Amino acid sequence: MDPYLLPHLEDLRRAAERQCRTVGSAFLAPAEALAAKEAFEGKAPFVLDGGYEGAERQRAFFFPLGEEMESDTRCVHIEAKGKRFASSLTHRDFLGAILGQGIERGAIGDLVALDGEAYAFCLPSVLPSLLALESIGRFSVSVSEVDPSSFPAPKPLGERRLVLASYRLDALVAEAFSLSREEAKKAILAGIVAQNGVPCLRPDGAIKAGDRIALRGKGKIAVLGFLGTSRKGKEAVRIGIYR
């Protein structure tokens with residue numbers, strides 16, 4: 001992690017206090033967001049926000065005490081012309097084209113690629129460059145700004161009922177992603193399991209309804225609800241599965 005990240009965030013906190021306005025950072029990787037949360041949560045008016053609920057890449061916002069946070073995060077919709085022929089475009093294709101515009105990675109938040117189209121969250125400073133994007137690979141594209149609230153957040157592809165030894169993070173990760181309990185623990189300690197967009201390094205961390213859990217390279221799930229305790233003392237939980 002960048003050793004200058006926390007001092008930079010402290011500068012933003014002071015600027016928000018001094019200028020009596022909301023001040024936001026660039027988009028943070030999950031590990032950076034975790035460091036920011038540990039450093040500032042409960043110590044200053046501070047939130048992490050990526051433009052929509054469940055975002056993985058988030059910005060740190062500082063704002064005056066007693067005021068509400070005002071986000072300036074923007075969202076663009078990128079659509080390939082001849083969309084039915086462009087369904088092979090991937091997240092990497094869209095992101096590569098965006099970075100090819102000279103845009104730094106920290107200026108781009110989550111990018112959700114669908115069939116021949118994508119939504120990308122960004123800083124206002126790079127909006128003109130994104131709107132100037134004309135092609136991705138051999139496909140021409142049209143780009144327009146949309147209200148972040150209109151973004152169609154990913155919905156579960158299906159639901160499953162899991163039986164857990166306990167409501168611990170490692171128990172859920174093991175069952176949801178078909179791992180042994182030891183493999184789940186190692187993945188969590190390695191920092192590749194995110195809980196609500198932020199890496200959780202505690203295998204014994206508690207889970208709650210509404211949590212979104214992502215395992216890098218394996219997918220994402222959401223905890224939809226708890227179904228009670230069985231006669232054998234096992235805990236049942238209902239999850240949604242995302243691609």
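The values are calculated or read from the model by the stated rules, or taken from the named source; none is laboratory data. This one's a predicted model, so the numbers in the text were calculated from it and none came from an experiment. Neighbour counts are summed over all protein chains in view; Cβ atoms, including those assigned to glycine, are modelled from backbone coordinates with ideal geometry. Note: accessible area is taken over every heavy atom of the protein model, side chains too, but ligands, DNA and RNA are not part of it. Shrake-Rupley method; radii C 1.70, N 1.55, O 1.52, S 1.80 Å.
For beta carbons closer than 6 Å, sequence separation of 6+ or different chains, a first residue in the stretch 62-73 that is touching a residue at least 60 places away in the same chain (Cβ under 8 Å) and a second that is surrounded by 15 or more Cβ atoms within 10 Å (Cβ to Cβ) and part of a loop (DSSP other than H, G, I, E, B), the qualifying pairs are Thr73/Gly51.
Rundown of residues vs (1) in contact with a strand residue (DSSP E or B) (Cβ under 9 Å, 6 or more places away or on another chain); (2) modelled with pLDDT under 95; (3) over 30 Å from Leu114 (Cβ atoms), yes/no style:
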{"site": "Leu9", "(1), (2), (3)": "yes, no, yes"}
{"site": "Thr22", "(1), (2), (3)": "yes, no, yes"}
{"site": "Ala26", "(1), (2), (3)": "yes, no, no"}
{"site": "Gly51", "(1), (2), (3)": "yes, yes, no"}
{"site": "Phe61", "(1), (2), (3)": "yes, no, no"}
{"site": "Val76", "(1), (2), (3)": "yes, no, no"}
{"site": "Ala80", "(1), (2), (3)": "yes, yes, no"}
{"site": "Lys83", "(1), (2), (3)": "yes, yes, no"}
{"site": "Ser87", "(1), (2), (3)": "yes, yes, no"}
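Counting only strands (runs of 3 or more DSSP E) that sit wholly inside the stretch 57-162, those with at least 1 residues that are open to solvent by 60 Å² or more (accessible area, probe 1.4 Å) are 74-80, 139-146. Can you tell me which of Ala236, Ala222, Ala209 is in contact with a Phe, Trp or Tyr (Cβ under 8 Å, 6 or more places away or on another chain), open to solvent by 10 Å² or more (accessible area, probe 1.4 Å) and either within 18 Å of Glu159 (Cβ to Cβ) or in contact (Cβ under 8 Å) with a residue 12 or more places away in the chain (or both)? That would be Ala209, the only listed residue that is in contact with a Phe, Trp or Tyr (Cβ under 8 Å, 6 or more places away or on another chain), open to solvent by 10 Å² or more (accessible area, probe 1.4 Å) and either within 18 Å of Glu159 (Cβ to Cβ) or in contact (Cβ under 8 Å) with a residue 12 or more places away in the chain (or both). Take the conditions (1) within 15 Å of Phe27 (Cβ to Cβ); (2) open to solvent by less than 40 Å² (accessible area, probe 1.4 Å); (3) assigned to a strand (DSSP E or B); Val47 misses just one of them, which is (2).
If you go through the stretch 184-205 and pick out every residue that is open to solvent by 80 Å² or more (accessible area, probe 1.4 Å) and either out of contact with any helix residue (DSSP H, G or I) (no Cβ under 7 Å at 6 or more places or on another chain) or in a loop (DSSP other than H, G, I, E, B) (or both), you end up with 4.
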